[in-house]
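The values are calculated or read from the model by the stated rules, or taken from the named source; none is laboratory data. In this text the structure is predicted, and so the values were computed from the model without any measurement. Note: ideal-geometry Cβ built from the backbone for every residue, glycine included; neighbour counts use all protein chains shown.
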Amino acid sequence: MSENLRKPFVAGNWKMNGNLALVAEFNDKLSGIKSNADIVVCAPSLLLHGFKPNGFSIGTQDVSHCDNGAHTGELSVDLIKEAGCQFAIVGHSERRDNQGESSELVALKAKKCVSAGVVPIICVGEPLEVREANNVEAFVGEQLDALVSELSVEALSKTIIAYEPIWAIGTGKTASPEQAQEVHEFIRTYFAKVSVELAQGLRILYGGSVKPDNAETLFAQPDVDGGLIGGASLKAEDFISICQAAN
Ligand code: 13P
């Protein structure tokens, strides 16, 4: 598989923000958007019914690893598909930290997505103290180990990885293009040990303070295939210009 087969990918993560007025604005402004990237908006689940995606897709910010049943408050892959989602973010650091999600649970969620034809956008990334201690590869490597133990090569090939250094999320401190490339290359090399073909085709997104003015240099890195955008995905104009930077 050639590197060109990695179509650029930009996903917005609205987190716990937005309203139906913002959904309507996105329907309007993103309608028929021209970009070489696959574009996804991951809004709060209760807003998804308002989207009329044209030129973009919608996704959730989490999903259950369980099938439909007695799981109060959870959303299954069947339910998110019913709502029109083809994508689900799993393992965002905010959920790993605030909801205590382990790498094993994240892997089960990713596996459940793939089995239902939903593409999981699987987040990995280190906190500042790990970076300062020079342990990024060991830390991210352990997060990846859990994926490789749970998912087959074929299943992994139907996922997207997002590298989001926690110290860069919502802080305005973007990783430099070199810092991002270094970890993305590590991630691709990690997967190449599992399967070279898998690694060559796997899309790896960068997330953490991506803005219209830094997106292009980040996305120009050889192993950066697009971005997972937080704050800047709440402004249609900014999000559109980031999508266009992925061309
Ligand atoms: P920011 O773009 O606001 O830093 O958030 C990144 C993120 O967490 C996307 O999932």
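For this structure, a couple of remarks:
- Those residues of region 56-98 which are touching a residue at least 60 places away in the same chain (Cβ under 8 Å) and more than 12 Å from the ligand (Cβ to nearest atom), in sequence order: F87
- Looking across region 149-175 at every residue that is over 15 Å from E126 (Cα atoms) and hydroxyl-bearing (S, T, Y), the one that is farthest from the ligand (Cβ to nearest atom) is identified as S152.
- Matching residues, region 163-205, being among the small types (G, A, S) and crowded, with 22+ Cβ neighbours inside 10 Å: A168, A175, A180
- Just one of the listed residues (F87, F139) is at pLDDT 95 or above and under 25 Å from E216 (Cα atoms), namely F87.
- Some residue of region 60-69 being within 18 Å of the chain's Cα centre (by Cα) and over 25 Å from G170 (Cα atoms): yes
- Where L22 falls short, out of the listed (1) touching a Lys or Arg at 6+ places or on another chain (Cβ under 7 Å); (2) in contact (Cβ under 8 Å) with a residue 40 or more places away in the chain: (1)
- Every pair of residues 6+ apart whose Cβ atoms lie under 6 Å, when the first sits in region 196-214 and is more than 11 Å from G172 (Cα to Cα) and without any contact (Cβ under 8 Å) to a residue 40 or more places away in the chain while the second is part of a helix (DSSP H, G or I) and within 12 Å of the ligand (Cβ to nearest atom): P212/D238; P212/I242
- Looking across region 221-247, the residues that are away from the ligand (no atom under 12 Å from the Cβ), out of contact with any Lys or Arg (no Cβ under 7 Å at 6 or more places or on another chain) and farther than 16 Å from R188 by Cβ come down to E237, S241, C243, Q244, A245, A246, N247.
- The residues of region 205-224 that are in a helix (DSSP H, G or I) and more than 13 Å from V10 (Cβ to Cβ) amount to a single one, T217.
- S195 being within 16 Å of the ligand (Cβ to nearest atom) and among the small types (G, A, S): no
- Neighbours by Cβ (under 7 Å, 6+ apart or cross-chain): first from region 217-228, at positive phi and in contact (Cβ under 8 Å) with a residue 24 or more places away in the chain; second surrounded by fewer than 21 Cβ atoms within 10 Å (Cβ to Cβ) and not small (G, A, S): G226/P8; G226/R203
- Residues located in region 23-59, provided they are closer than 15 Å to K235 by Cα and assigned to a strand (DSSP E or B): I39, V40, V41, C42
- Residue within region 108-130 that is within 16 Å of the ligand (Cβ to nearest atom), surrounded by fewer than 18 Cβ atoms within 10 Å (Cβ to Cβ) and either modelled with pLDDT of 95 or more or within 12 Å of E150 (Cβ to Cβ) (or both) present: yes
- Residues of region 207-218 satisfying the condition of being surrounded by 24 or more Cβ atoms within 10 Å (Cβ to Cβ) and under 14 Å from S35 (Cβ atoms): A215
- Helices (runs of 4 or more DSSP H) (entirely within region 74-160) containing at least 2 residues that are of a type in the set (A, V, I, L, M): 77-82, 103-115, 128-132, 136-150, 153-156
- Extreme residue, nearest to the ligand (Cβ to nearest atom), among residues of region 206-220 that are farther than 18 Å from E126 by Cα and out of contact with any strand residue (DSSP E or B) (no Cβ under 7 Å at 6 or more places or on another chain): K211
- Residues being among the aliphatic types (A, V, I, L, M) and more than 16 Å from the ligand (Cβ to nearest atom) - total across region 177-192: 2
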